[in-house]
1. Residue by residue through the stretch 72-88, note down the ones that are under 13 Å from Val122 (Cβ atoms) and either crowded, with 23+ Cβ neighbours inside 10 Å or more than 22 Å from the chain's Cα centre (by Cα) (or both).
2. Are any residues in the stretch 112-130 under 19 Å from Gly369 (Cβ atoms) and open to solvent by less than 10 Å² (accessible area, probe 1.4 Å), and if so, which ones?
3. Free of Cβ contacts under 8 Å to residues at least 24 places away in the same chain, farther than 13 Å from Leu315 by Cβ and out of contact with any strand residue (DSSP E or B) (no Cβ under 6 Å at 6 or more places or on another chain), is that true of Thr131?
4. With the requirement that a residue be open to solvent by 50 Å² or more (accessible area, probe 1.4 Å) and touching an Asp or Glu at 6+ places or on another chain (Cβ under 7 Å), what does the stretch 270-300 give you?
5. Go through the residues of the stretch 333-342 one by one and say whether even a single one is open to solvent by 10 Å² or more (accessible area, probe 1.4 Å), of a type in the set (Phe, Trp, Tyr) and under 22 Å from Ser143 (Cα atoms).
6. With the condition kept exactly as written, say whether any residue in the stretch 141-152 is under 23 Å from Thr256 (Cα atoms) and either touching a residue at least 40 places away in the same chain (Cβ under 8 Å) or not basic (Lys, Arg) (or both).
7. Could you pull out the residue among Ala390, Ala304, Ala401, Ala371 that is at pLDDT 95 or above, open to solvent by less than 20 Å² (accessible area, probe 1.4 Å) and out of contact with any Ser or Thr (no Cβ under 7 Å at 6 or more places or on another chain)?
8. Which count do you get for residues in the stretch 131-173 that are open to solvent by 30 Å² or more (accessible area, probe 1.4 Å), among the small types (Gly, Ala, Ser) and closer than 27 Å to Asp78 by Cα?
Amino acid sequence: MKPVRVAIIGCGNRGADVYARHLSAQGAVITHVVEPRPARLAEVAARHDIPPQAQFTYWDAFLAQGRVADAVVIATPDHDHVRPCLQALALGYDVLLEKPICLHPHELDLLLTAETASTGTVTVCHVLRTTAFFTAVQQVAASGRLGTLIGIVHAENVAHWHYAHSYVRGNWRSSPPAAPFLLAKACHDLDLLRALAGSAPRRVSSEGGLHHFRPEHAPPGATDRCVTCPVQDCPSDARRIYRTRDPHAWPVTVLTAGGQTLEEALQDGPYGECVYLGRNDVADHQAVTVHFRNTVTAQLTVSAFTHNNTRTLKLLGTHGELRAHMERGELELHDFRTGHSERWTVDTTGNHGGGDQGLVRAWLAFLRGQAPPPTPLAESLDSHLMAFAAEESRLTGQTVAF
C-alpha cells in the first residue's frame, strides 16, 4: 500500500506540532507545507524534508498547483478556514479541517453544499470523539444500562492559566477575528452532547460574559508586563505559567515557535502581557442549555475559573446514572434497579486524552479505504449551529429555536 500523501495548510501548533506529527508517525508522508511566517515555514519543512518547491507562503498558491497530494489538513486561523476548504473540495481533496469550521452560520451551508458536489470529504477535528474516555461514555449511553436518557450535565473546566494563555493573551482573545469563546473552546463539547443525546438540537439558551479579565480588576501596582510586575500573588503571572512547564511542550512551544526564546517572548510578546490590559473581549464564563429533538436536555458550563483543565459530566437516565471525570479517566455507574455501583478507569494519556492521535488514526483508516469518515460533516455542523445559537442567546437574552 502506497503511503498517504498529505499537505499541511497552516503550520501553527495544531497543524504542524499535532496533526503533521501524528500523521508522519502513523505512516503518512507530509509532502507540502503552507505557512506565512518564513521562520516557521522553514522549521516545519526541515522536520519533514520538504524541498523548497513544495513550500508555500499562502494557501491559494499551493491550491493553484492542482491536486498534488491525497489529502490536506487545514489548520489556518479561525477566520480563514472556509475559503481554502472550498477550493480544496473543488479539487477533490479529502480535508481534515480544524475547528471551528467558520465564524458565520451561513458558511456551514456553503461547506455542506461544496462537499456534496465534490468527490472529497470534510472531517472536522472533533478529536474528543475518538478518545478512550468518551468512547467508554458513549458505550454506556448506547447500552441501555441507564434506561432512557433524560439529561446530561457537562462541564468544560478550562483552567484559569489556560484561559489566560489562549483567550486573554492568545489568538482567541478577541471575536472577531477569532471565534466566540464557546465556539472556539467548546464546539468539541457540543459535538459530544449531540453524539450522546443521539439527536439533533431543537432549541438553545445561554447566559455568560466577560466577568473578570478587565482593566478594573487589575491588582494595585500591576504593570503592563509580568516580567516587571511587583505583584506576587497574581494567578495569571506569565512567569509562573510558562517558566514552570516543559519548555518542549505546549503551551511553551507556542511562545517559542517563531525562533524566540521563552524569555524574549515574555519580554516582548503578547504572552508576557498583563491579563488586565483590556485587549480581550470573549466571555470567561458561559452556561448553555440545549433541548434536543428526542427530549433529552443538556446543560453545558464552560468556565475559566477552575483549577483543573478537564471535562466532567453526568448522564442521567431513568434506570441509572453515569458520572465521569476525563482527567482521571474515571467512570462511575450507578444502577437504580439493582442498587449496584461499578467504577472503572480508562487510559487518558496523550493530548486531548489521546484524541489527537485517535482522530488521525481514524482519518488515515478512512483515507486508506479501511473505514468510513470519523464523523459525517452534516452531523459535525450541529455543534456549530448550537454554538452560534448560544452566542445569539447570550447577547440577546432570547431562546433560539431551530
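The values are calculated or read from the model by the stated rules, or taken from the named source; none is laboratory data. What you see is a predicted model, and the numbers here were worked out from it, not measured in a lab. Please note: Cβ atoms are built from the backbone with ideal geometry, for glycine as well, and neighbour counts cover all protein chains shown. These accessible areas exclude ligands, DNA and RNA; they are computed on the full protein's heavy atoms, side chains included. Shrake-Rupley method; radii C 1.70, N 1.55, O 1.52, S 1.80 Å.
1. Of everything in the stretch 72-88, those that are under 13 Å from Val122 (Cβ atoms) and either crowded, with 23+ Cβ neighbours inside 10 Å or more than 22 Å from the chain's Cα centre (by Cα) (or both) turn out to be Val72, Val73, Ile74, His81, Pro84, Cys85, Gln87, Ala88.
2. Gly120, Val122, Thr123
3. no
4. Going through the stretch 270-300, the residues open to solvent by 50 Å² or more (accessible area, probe 1.4 Å) turn out to be 270, 277, 279, 281, 285, 291, 293-295, 299.
Hit for the stretch 270-300 is Leu277, nothing else.
5. Yes, the stretch 333-342 contains at least one residue that is open to solvent by 10 Å² or more (accessible area, probe 1.4 Å), of a type in the set (Phe, Trp, Tyr) and under 22 Å from Ser143 (Cα atoms).
6. No, the stretch 141-152 contains no residue that is under 23 Å from Thr256 (Cα atoms) and either touching a residue at least 40 places away in the same chain (Cβ under 8 Å) or not basic (Lys, Arg) (or both).
7. Matching residue, one of Ala390, Ala304, Ala401, Ala371: Ala304.
8. 0
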